[in-house]
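Novice: This is the structure, below, for whatever I ask next.
The values are calculated or read from the model by the stated rules, or taken from the named source; none is laboratory data. This is a predicted model, so every value here is computed, not measured. FYI the Cβ positions are ideal-geometry reconstructions off the backbone, even for glycines, and counts take in every protein chain you see.
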Amino acid sequence: MPALDTAIEYLKGVGPQRADVLKKELGVFTAGDLLFHFPFRYIDRTKFHNIRDIQTEGEQYQVKGILRRLETLGEGRAKRLVGTLRDESGSIELVWFQSIQWLERTLKVGKEYVVYGRASVFNSRFNIPHPETEEVTPDNIQSARTFDPVYPSTDKLTQKGLDAKGLRKILRGLLDALTPADLPETLPDPLLEVYRLTSRWEALQKIHFPENQRDLDAATRRLKFEELFFLQLRLLQIRRRRKDATKGFVFDKIGDYFNDFFYKKLPFELTGAQKRVLREIRTDLAVGQQMNRLIQGDVGSGKTVVALMTMLMALDNGYQSCLMAPTEILAQQHFANITELVGDLGVNVGFLSGSIKGKKRTAILEQLASGDMHIVIGTHALIEDWVAFQKLGLSIIDEQHRFGVEQRAALWKKGAGLPPHVLVMTATPIPRTLAMTLYGDLDVSVIDELPPGRKPITTMHKTEHHRLRVQGFMREEIAKGRQVYVVYPMIEETEKVDLLNLMSGYEALSRDFPPPEYQISIVHGKMKAADKEYEMQRFVKGETHIMVATTVIEVGVNVPNASVMVIENAERFGLSQLHQLRGRVGRGAEQSYCVLMSGYKLSADGRERLQTMVQTNDGFVIAEVDLRLRGPGNMEGTQQSGMLRFHIADLGRDGQILSAARDIAAKILEADPALVAPENARLRAHLEATGKEARVWSRIS
Ligand code: ADP
Ligand code: MG
């Protein structure tokens, strides 16, 4: 049995009890799992602060001193263990609220400790709550390593002696027991040489026990590269295979429908970006393979007309198309837009959703089945079994991240013999690094240019202090004939409070903007669909001046006359949400404004989010910041994506390594698609060895 497959309980220093917590707390079952449980930081044994210099709240400090006192204070929930650590410069209190019994037994007054933690202030004095502590013994001083690894740990692990020090011991034992043969190289030698990557054996030793910063950097780079490289290699391979295997309809004609629309109907000049994307699509459609393309384009970048023109290409080649949107409102808007755009060209466009019933529905279904209907626009009703097409050649999905994988796959099955071409559109910009991973097996087009004449939205950050002035500003805009959104946060966990907040905001507004001069609509998730629709329509028609709402308006509502977006408690929204909300204004010719209202006290992240919004309107820049602040796992549309769980790579930071890894992977596959050449034997072996865990996400579109 390969050494790395050894069950964790059989490792030196583990045993059944510790194995149990390792499995439960860390998901570590084998020696290999443990080896890939990487340190999250290292203690630099050469650098200590003087206790006297602990002067900044929230800052992390490493100090060394003698434990002078240790006692339990308080009762019940206030019960805590308090110690005093002293060095030549002064002393500081250490405080624990958890694992008190265990710590009382292990910490010894009079001994010297290395202590690491975040400084905090209590009763106007500094202390360190829940610090990491490690006794200074001849043993760990003699070893004189400069860098000691610290592993992610939990209370339960600590109680079983699996704190930083305990894990360090077990890992040391494990690494000593392994030989280079147990950790075979996975990358070809020439690649290691050209990119100056450390060997795998070396890297795995040094990631746990580096002797200096250089060791650590080299090991980190190698392991990040490996992780991102194999991911890209796999994704590109899937994409190549799919392209080879999945035949698609050939749409090589540009005919009357397309040309008549282009020359007679199109009310504006296409932007350069729109033209480029249409060319990319045209190429896709002509080659006889199924298209799988994602269009990313910020709110208002003009994706709809690109979708329509693609559908007209399908029609010119004798095929039907469908366009699916995540909500009824959005689907209806598309239907209205597209119907108007095609005018009298003789294109038969239909609408289908759950609310279309009886004879109306039967008529649409009949036309779809007979082929009389050319284009159908609707909600997820389109994927129901009872919807059948005569010749479906193209499926377009708007705001794709709101649909599940199965829903998208269901559209594939409705093709006429072959799967339809698939175009997915999203207005949630995804940073390049993330797109390469999340959609690594799709082709991505970007509409990175807004139609001309749009005035950038002016964004301001205001606090309660400015409320009167903000209201004055709203009055001015309303006096000019414009409309205003006021949006409140609504989060499931705090729903009750949020609803109260929204209602009291609405009441206050009703007092400050009284009828009959002012009319206010209100829309939130707890209202009946019909009431929501009624209130929405009043605002759309211009009968009301202010729309008070929760994020239900985030997707798709189009009221070009609305020029002000006020976002209350803006610090509670994520960046991508703020950006989507702001996109509701700036749709007409008028200068538009976004006012971010927040409290005075903001977290560092909260402040950066609001500042980013004030500084830029560029969705891609915003997405990059969002990725850095939140990490890839929390970004919209990525939640269920197991492929974003990395051991060491960080998409927010490792963009350069990722790009290099992807380019190299592409080159290798270009020369040797099946990886059969002798120099690629290691790559193939590694892909096969790790294939099982990867299969889960091999089909994501
Ligand atoms: P989104 O990408 O958010 O779906 P839309 O397709 O709804 O954007 O387009 C937003 C608005 O811009 C629409 O009113 C549309 O008619 C208009 N538009 C699209 N392309 C252009 C263009 N090239 N020039 C001028 N206006 C355009
Ligand atoms: Mg749109």
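Novice: In the stretch 285-319, which residues are away from ligand 2 (no atom under 16 Å from the Cβ) and β-branched (V, I, T)?
Specialist: Selection gives V287 alone.
Novice: Hand me the list of helices (runs of 4 or more DSSP H) wholly inside the stretch 233-339 holding 2 or more residues that are closer than 30 Å to A674 by Cβ. I'd like the intermediate steps shown before the answer.
Specialist: Working: elements: 256-260, 272-286, 303-316.
Fully inside the stretch 233-339 and qualifying: 272-286.
Novice: Which ranges mark the helices (runs of 4 or more DSSP H) fully within the stretch 1-113 that have 3 or more residues being assigned by TED's automatic domain parsing to the domain that holds N123 and either surrounded by 18 or more Cβ atoms within 10 Å (Cβ to Cβ) or in contact (Cβ under 8 Å) with a residue 24 or more places away in the chain (or both)? Talk me through it step by step, then tell me what you get.
Specialist: Details: elements: 15-21, 31-35, 100-106.
Answer list for the stretch 1-113: 100-106.
Novice: Every residue in the stretch 275-305 that is under 26 Å from the mean Cα position of the chain (by Cα) and near ligand 1 (Cβ under 9 Å from one of its atoms), please.
Specialist: Of everything in the stretch 275-305, those that are under 26 Å from the mean Cα position of the chain (by Cα) and near ligand 1 (Cβ under 9 Å from one of its atoms) turn out to be I295, G297, D298, V299, G300, S301, G302, K303, T304.
Novice: Something else now. With respect to I364, determine if the residue is within 13 Å of ligand 1 (Cβ to nearest atom) and crowded, with 17+ Cβ neighbours inside 10 Å. Explain how you work it out, then say what you get.
Specialist: Numbers: within 13 Å of ligand 1 (Cβ to nearest atom): no; crowded, with 17+ Cβ neighbours inside 10 Å: yes.
In short, no.
Novice: Being in contact with a helix residue (DSSP H, G or I) (Cβ under 9 Å, 6 or more places away or on another chain) and more than 29 Å from I648 (Cβ to Cβ) is the filter here; which residues of the stretch 223-256 pass it? Steps first, please.
Specialist: Filtering the stretch 223-256 for residues in contact with a helix residue (DSSP H, G or I) (Cβ under 9 Å, 6 or more places away or on another chain) gives 223-237, 240, 248-256.
If the condition is that a residue be in contact with a helix residue (DSSP H, G or I) (Cβ under 9 Å, 6 or more places away or on another chain) and more than 29 Å from I648 (Cβ to Cβ), then G248, F249, V250, F251, D252, K253, I254, G255, D256 are the ones that fit.
Novice: Being touching a strand residue (DSSP E or B) at 6+ places or on another chain (Cβ under 8 Å) and either of a type in the set (K, R) or within 26 Å of P451 (Cβ to Cβ) (or both), is that true of even one residue in the stretch 203-226?
Specialist: No, the stretch 203-226 contains no residue that is touching a strand residue (DSSP E or B) at 6+ places or on another chain (Cβ under 8 Å) and either of a type in the set (K, R) or within 26 Å of P451 (Cβ to Cβ) (or both).
Novice: From the set of residues in the stretch 320-335 that are within 23 Å of A435 (Cβ to Cβ) and more than 9 Å from ligand 2 (Cβ to nearest atom), which is modelled with the lowest pLDDT?
Specialist: For the stretch 320-335, the residue satisfying everything is P326.
Novice: Here's another thing I want to ask about it. Residue under question is L423, and the condition is that it be at pLDDT below 90 and of a type in the set (A, V, I, L, M, F, W, C); does it hold? Before you say what the answer is, go through the steps one by one.
Specialist: Numbers: at pLDDT below 90: no; of a type in the set (A, V, I, L, M, F, W, C): yes.
Against the criterion (at pLDDT below 90 and of a type in the set (A, V, I, L, M, F, W, C)), L423 does not qualify.
Novice: Collect the residues in the stretch 202-231 that are crowded, with 22+ Cβ neighbours inside 10 Å and touching a His at 6+ places or on another chain (Cβ under 8 Å), keeping them in residue-number order.
Specialist: L223, the sole residue that qualifies.
Novice: Considering only the stretch 330-364, state which residues are of a type in the set (A, V, I, L, M), closer than 16 Å to I397 by Cβ and touching a helix residue (DSSP H, G or I) at 6+ places or on another chain (Cβ under 7 Å). Talk me through it step by step, then tell me what you get.
Specialist: If we filter the stretch 330-364 for residues that are of a type in the set (A, V, I, L, M), which is where we start, we get 330-331, 336, 338, 341-342, 345, 347, 349, 352, 356, 363-364.
If we keep only those that are closer than 16 Å to I397 by Cβ too, we end up with 330-331, 338, 352.
Scanning the stretch 330-364 gives I338, L352.
Novice: Check off (1) away from ligand 2 (no atom under 16 Å from the Cβ); (2) assigned to a helix (DSSP H, G or I); (3) free of Cβ contacts under 8 Å to residues at least 12 places away in the same chain for D344 and give me the number that stays unchecked.
Specialist: (2)
Novice: Which residue out of L581, L575 is in contact with a Cys (Cβ under 9 Å, 6 or more places away or on another chain) and within 21 Å of L627 (Cβ to Cβ)? Before you say what the answer is, go through the steps one by one.
Specialist: Values: L575 fails: in contact with a Cys (Cβ under 9 Å, 6 or more places away or on another chain).
That would be L581, the only listed residue that is in contact with a Cys (Cβ under 9 Å, 6 or more places away or on another chain) and within 21 Å of L627 (Cβ to Cβ).
Novice: Please list, ordered by first then second residue, the pairs with beta carbon atoms under 7 Å, 6 or more apart or interchain, first in the stretch 465-488 and in a helix (DSSP H, G or I), second aliphatic (A, V, I, L, M) and buried (at least 18 other Cβ atoms within 10 Å of the Cβ).
Specialist: Every condition considered, the pairs that remain are V470/V566; V470/V595; M474/V484; M474/V564; E477/V484; E477/V564; I478/V484.
Novice: To continue, here is another question. If G417 satisfies every condition in (1) modelled with pLDDT of 70 or more; (2) within 30 Å of W386 (Cα to Cα); (3) within 16 Å of ligand 1 (Cβ to nearest atom); (4) not aliphatic (A, V, I, L, M) but one, which is the exception?
Specialist: If we test G417 against (1) modelled with pLDDT of 70 or more; (2) within 30 Å of W386 (Cα to Cα); (3) within 16 Å of ligand 1 (Cβ to nearest atom); (4) not aliphatic (A, V, I, L, M), just (3) comes out false.
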